[in-house]
1. Looking only at region A:87-112, which residues are assigned to a loop (DSSP other than H, G, I, E, B) and without any contact (Cβ under 8 Å) to a residue 24 or more places away in the chain?
2. Working only within region B:59-84, note down all residues that are at pLDDT below 95 and buried (at least 22 other Cβ atoms within 10 Å of the Cβ).
3. Based on what the data block shows, is A:D32 assigned to a strand (DSSP E or B) and at pLDDT below 90?
4. For region A:107-126, which residues satisfy the criterion of being among the small types (G, A, S) and over 24 Å from B:W132 (Cβ atoms)?
5. Quickly run through region A:67-103 and pick out the residues that are buried (at least 20 other Cβ atoms within 10 Å of the Cβ) and within 8 Å of another protein chain (Cβ to nearest Cβ).
6. Is one or more of the residues making up region B:177-189 on the phi > 0 side of the Ramachandran plot and more than 14 Å from chain A (Cβ to nearest Cβ)?
7. Here are A:E73, A:E58: which of them is free of Cβ contacts under 8 Å to residues at least 60 places away in the same chain, closer than 24 Å to B:K31 by Cβ and in contact with a strand residue (DSSP E or B) (Cβ under 6 Å, 6 or more places away or on another chain)?
8. Which residues, taken from region B:114-136, are within 14 Å of chain A (Cβ to nearest Cβ), surrounded by 12 or more Cβ atoms within 10 Å (Cβ to Cβ) and not in a strand (DSSP E or B)?
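The values are calculated or read from the model by the stated rules, or taken from the named source; none is laboratory data. Bear in mind the structure is a predicted one, so any value in this text is a computation, not a measurement. Cβ coordinates were reconstructed from backbone atoms using ideal geometry, including for glycine residues, and neighbour counts include every protein chain displayed.
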Amino acid sequence: MGLGSLSGVKKVEYSTASDMTGAVDLLEPREDSPGLKDDVKETPLANGQTNYAGVAREKIYHISDMSKFAALETLMKANTEIYLRVTDLENNTEIYGPGKPKVKPKTNPAPGETAYFEVKIVWFEA
Amino acid sequence: MKTGMQKCSFFDDATGTVVQLNDVSEEGEIKIKEPLASKDADGGERFAGHHSRLEITAFDDAGYDQLKTWMDDETPLKFVSYGLEGHILWYRETKITVKKNLYVPPGKNNSFTVVMEQKGGDHSGFDGNQIWYGKNLLYGAAGWEDGNSNGVVDNYTIGAISGSIDLTFVGEQEISSPTSSTMYFYSSKLIFPISNANIDSFALYGAANTYNGVAAIEAKDFAVGMISSGVCAFDAVAQFITPPNTHYLYLSPIAYGSQIDIGDIFAVSSMFAGVSDNRTLIKH
């Protein structure tokens, strides 16, 4: 499988605070993580152009450290919003969110593979 | 879908009747605790419960008739699996459907498929109603926390046979004694009716620990009668093969009857049962 859109991401962290206070390190995500998905909304105009109407954003990562699952599940059930901070190999960082996390374990990996869980946040930016 | 599942069992926990499947196909679907969501007006999503589903196809010659009887009688069942990497404990009573897969193309085998599904509700926790997937079976069944703050890790039993002991829990279970006492410390039953499963077990002890005896594992039948037991040397990993008619496993990080003297601190940080020979903390 190719590197896809996840090339160079070396760390993902989450926090309930916008300044990332108390950030929990989820370590490096798996290469097969979908990453950032943006669905840009447009309003068609009579002149053939469109106006920007916001963007529905999703950030999805696949995390191998299963010990981090339980705490995120607790936040999910409480509908507590989190921020995700992504760091690349050149130590550039980007903070995404906030969004209520959805986590699910990817169970029963095939022989030769390891278990992981998916963490996703969804939010809308006007 | 290659799942790494080696064996699994559907069982009626009211009667102890078990159907164990040992020839599981790669075909099927496994979803454990996938979150359901409701849309918020601001474009976000709210947690709305879990969705868990098993679709297990097996080539076993036996088991179909009992599974069909349970389906026809709408008997609620539980399920456990034993895998190469992780295992499932489905303790929430759920009805099943089962169908035969016959007249398959050349190069395929006849089989039957069992479906068990629960949509909605919270499938997490350690209250005996959970649906769980992970590596440490004992953690999946019992957790490792003191939710009621009584100084005793939940879902374990600790007590003095003679003398008296003091108990505190701060991430680790600590035991001390004002006298010379003998004690016991064992887990609640781990419901795991799978025979011939190779279970690794070990206990981890804290920095202040003075206990240096064995840990223990016991296999019991549905009537809670002892079938066989094994011990794990201090700071080692034990291998235990579950015998026929296993229904419950009980694990003890401190052997029954161990003596604890004044000044001793027995400190247990966790106990593991599953597939791993690497003595590290595994709380999932």
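1. Across region A:87-112, the qualifying residues are A:N91, A:N92, A:T107, A:N108, A:P109, A:A110, A:P111, A:G112.
2. B:G83
3. Answer is no for this residue.
4. The answer is A:A126, and nothing else.
5. Correct list: A:F69, A:E73, A:M76, A:G99, A:K100, A:K102, A:V103.
6. There is no residue in region B:177-189 that is on the phi > 0 side of the Ramachandran plot and more than 14 Å from chain A (Cβ to nearest Cβ).
7. The match here is A:E73.
8. Listed by number, the residues that qualify are B:G121, B:D122, B:H123, B:S124, B:G125, B:F126, B:Q130, B:K135.
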